[in-house]
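Following: one structure in structure tokens, then a few remarks.
The values are calculated or read from the model by the stated rules, or taken from the named source; none is laboratory data. Everything quoted here is computed from the prediction, not taken from an experiment. Quick reminder, even Gly has a Cβ in these numbers, built from the backbone with ideal geometry, and neighbours come from all protein chains shown. Note: accessible area is taken over every heavy atom of the protein model, side chains too, but ligands, DNA and RNA are not part of it. Shrake-Rupley method; radii C 1.70, N 1.55, O 1.52, S 1.80 Å.
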Amino acid sequence: MGRAFEYRKARKLKRWGNMSRTFTRIGKEITIAAKAGGPDPDTNPRLRALMQNAKAANMPKDTVERAIKKATEKDASDYKEIVYEGYGPFGIAIVVEAATDNNTRTVANVRSYFNKHGGNLGTQGSLAFMFDHKSVFKIKPKDGMSLEDLEFELIDYGVDEVEADEEEVVLYGAFEDYSTIQKYLEENGYEIISSEFERIPHDLKEVTEEQRAQLEKLLDKFEEDEDVQNVFHNMKED
């Protein structure tokens, strides 16, 4: 198994436990995508992909429709996507992705979580060198398809890692190749189950159980914040 796959799987098992939190996160992404590219998924590839994510998460159809409608409402919140970077205790690197209509509020909250739990907020871009920013697609395998053949087929479109995951196949590519990969998969009859962006750490740091407990308290504070969409770190999972 590849490094990206193992890291992502451990992280997903923890994050997808809270469905209401997942629905809020996807709903906000849908609103942002619909506002940026229009409410029609046929002409908005990013919205189309997010609607697939919503389906994979068993998000109710009316919740998806509400999120799209919200983008066209006159008094809709104007969400901005912002990345915060800093160190938690014991030198663990943490990247927090937020979608907020009030950056002053969000940055104050993020800074306070770092400070109260023995960490500190850094400058934007300061930890970028420690993570690979990846496009991640989950697709249904075609009959008789081998992973090796699939990887060879997709390498020219930006895919650099392919892994089998139960009844699905997970593809990894560079962040900037997202639309190229999506277009190729759609045009060549692959069923996309879900797609998203992940920050995969280059190296994972070992921590003691006591240190992990302290770090988990900080990570939980981020996850509980309504403005926070994703949290990535380089702590080795159990």
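Quick look at the values:
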{"read-out": "Criterion violated by ALA34 - all others in (1) over 20 Å from VAL136 (Cβ atoms); (2) small (Gly, Ala, Ser); (3) in a strand (DSSP E or B) satisfied", "value": "(3)"}
{"read-out": "Subset of segment 81-109 that is closer than 13 Å to GLU29 by Cα and open to solvent by less than 20 Å² (accessible area, probe 1.4 Å) - its residue that is farthest from the chain's Cα centre (by Cα)", "value": "THR100"}
{"read-out": "Subset tally (residues that are surrounded by fewer than 17 Cβ atoms within 10 Å (Cβ to Cβ), of a type in the set (Gly, Ala, Ser) and not in a loop (DSSP other than H, G, I, E, B)) for segment 170-200", "value": "2"}
{"read-out": "Pick from segment 201-226, criterion in contact (Cβ under 8 Å) with a residue 12 or more places away in the chain, in contact with a Phe, Trp or Tyr (Cβ under 9 Å, 6 or more places away or on another chain) and not in a helix (DSSP H, G or I), ranking: farthest from GLY27 (Cα to Cα)", "value": "VAL207"}
{"read-out": "From the options ASP40, ASP78, residue that is in a loop (DSSP other than H, G, I, E, B), of a type in the set (D, E, K, R), open to solvent by 30 Å² or more (accessible area, probe 1.4 Å) and modelled with pLDDT under 95", "value": "ASP78"}
{"read-out": "Subset tally (residues that are among the basic types (Lys, Arg) and either assigned to a helix (DSSP H, G or I) or over 25 Å from SER179 (Cα atoms) (or both)) for segment 108-167", "value": "2"}
